[in-house]
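Below is one structure, written out as structure tokens; comments come after it.
The values are calculated or read from the model by the stated rules, or taken from the named source; none is laboratory data. The structure presented is a predicted model; accordingly, all values stated were derived computationally and were not measured. A quick note on method: Cβ atoms are made from the backbone with ideal geometry, for glycine too, and the neighbour counts reach across all protein chains shown.
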Amino acid sequence: MGTFLTIVVSLVFLFTFAAMIKEFEDILKKVSALYRKYGIKSVTMDDVAHELGMSKKTLYQFVSDKTELVQMVVEHVRQCDFSAMKKKEGTELNAIEEMIEVSQHVNSLMKDHSPTYEYDLKKYYPDIYRNLMSARRKLMYEAMIANIRKGKKEGLYRKELDEKIIAKLHLLRVENIQSSEIFGEEEMHSQNFFREVFVYHIHGLATEKGLRVFRDNIGKLDLLKKHY
């Protein structure tokens, strides 16, 4: 009887714990949306509690202060991005098909990019910002290295490519596009922008075989329109 009760208590605890985790994830999603819409600095803990429909006392049961909340939100978004990228890499697509899938995901992130959010994070939470940028760069760099190696093995990318330099150039391009004043927001989020950047990128990597595969898959780039 004692063993049965122990099992029941354990199951109740696990279900309760799982429900709390799910509730906290929902909180982080909603707070992330708030920060991206209004910026981090202008959103107070009172604003957060009001948006979530709970008291500040309840909110402080999940986090001790705003800094911890910002840290949790940033980490949640980073983990979601990491999982999404790894799912794209874990498919049986060839390197170019995989590149299209991953680049679509990156493009959707760029579309949701909030300059105010990034500015506030960098100015008021510099340690969190540095950790985020370091983790983001590592993820994108490793993903690009893996894709280039895969493409070389499949005969889709040129064998003589310096994968480390190409991966760093890719990082530089993605980060600079977001902060550049050369492209306006409307132009950068236009239907043709990503397509042109992607075509330019692939032509710098691909063999003749790779270009044939790319031409067979170029129609997939039109799916990007759903992001605009």
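Show the residue pairs that are 6+ apart or on different chains and have beta-carbon atoms under 9 Å apart, the first residue being within region 15-34 and farther than 14 Å from PHE62 by Cα, the second being of a type in the set (S, T, N, Q) and at pLDDT below 75.
Short answer, once both residue conditions are applied: none.
Quick grid of which residues meet (1) at pLDDT 65 or above; (2) among the small types (Gly, Ala, Ser); (3) within 30 Å of TYR141 (Cα to Cα); (4) surrounded by fewer than 12 Cβ atoms within 10 Å (Cβ to Cβ):
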{"site": "SER10", "(1), (2), (3), (4)": "no, yes, no, yes"}
{"site": "ALA19", "(1), (2), (3), (4)": "no, yes, no, yes"}
{"site": "SER32", "(1), (2), (3), (4)": "yes, yes, yes, no"}
{"site": "GLY39", "(1), (2), (3), (4)": "yes, yes, yes, no"}
{"site": "ASP46", "(1), (2), (3), (4)": "yes, no, no, yes"}
{"site": "HIS50", "(1), (2), (3), (4)": "yes, no, no, no"}
{"site": "PHE62", "(1), (2), (3), (4)": "yes, no, no, no"}
{"site": "VAL70", "(1), (2), (3), (4)": "yes, no, yes, no"}
